[in-house]
Amino acid sequence: MQPLINDERYEVLDGELVVTPAPDSIHQKALRYMVFLLWRFVKEKNLGDVLRAPLDVVLANDVVVQPDIVFIIDNPVLQERGVFGTPGLIIEIVSPSYSFRDKFRKRDCHLENISLFYVPPARDLLNQADNGSL
């Protein structure tokens, strides 16, 4: 897949090109926190690699996504241009304006190709972090 000219995030869901706006600051803070927690655990246990968006994950010819977080168990799926094949885990943090797409349409595309998919709402994640319950 060739990059498009502008800075918008693009995904292909069931063959349809979908444009995604930049995430808001709450989403970005939740993403930073989740990457930190997951990376610390994965590194400590020497389990693989953790990467975050923007990163193309090619799950099928008609499914190219940019999940918020990708956990990679097998390095052969990681190439210079992105992840080609099945990652160990995909995490999509739900933004209020895109919750239907993140929760259902993207989930359905992911689940056809991978077995582990997690969708925490950004505000809930930050509230749990602030309360020390994560």
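The values are calculated or read from the model by the stated rules, or taken from the named source; none is laboratory data. Here the structure is a predicted model, which is why all the values come from computation and not from measurement. Cβ placement follows ideal geometry from the backbone for every residue including glycine, while neighbour counts extend to all protein chains displayed.
For segment 59-89, the set of residues classified as part of a strand (DSSP E or B), more than 12 Å from the chain's Cα centre (by Cα) and of a type in the set (A, V, I, L, M) consists of 59, 60, 63, 78, listed by residue number. Once segment 66-103 is narrowed to residues that are charged (D, E, K, R) and farther than 26 Å from residue 122 by Cβ, the residue that is modelled with the lowest pLDDT is 74.
Taking segment 38-83, which residues are over 21 Å from residue 9 (Cβ atoms) and exposed (fewer than 14 other Cβ atoms within 10 Å of the Cβ)? Scanning segment 38-83 gives 40, 41, 43, 44, 45, 46, 73, 74, 75, 76. The residue pairs whose first member lies in segment 5-33 and is within 17 Å of residue 65 (Cα to Cα) and among the aromatic types (Phe, Trp, Tyr), whose second member is modelled with pLDDT of 75 or more and in a loop (DSSP other than H, G, I, E, B), and whose beta carbons are closer than 8 Å, counting only pairs six or more residues apart or on different chains, are 10/66.
The criterion of being touching a helix residue (DSSP H, G or I) at 6+ places or on another chain (Cβ under 7 Å), under 25 Å from residue 85 (Cβ atoms) and at pLDDT below 90 holds for residue 14.
Determine, yes or no, whether residue 42 is assigned to a strand (DSSP E or B), at pLDDT 85 or above and not charged (D, E, K, R). In short, no.
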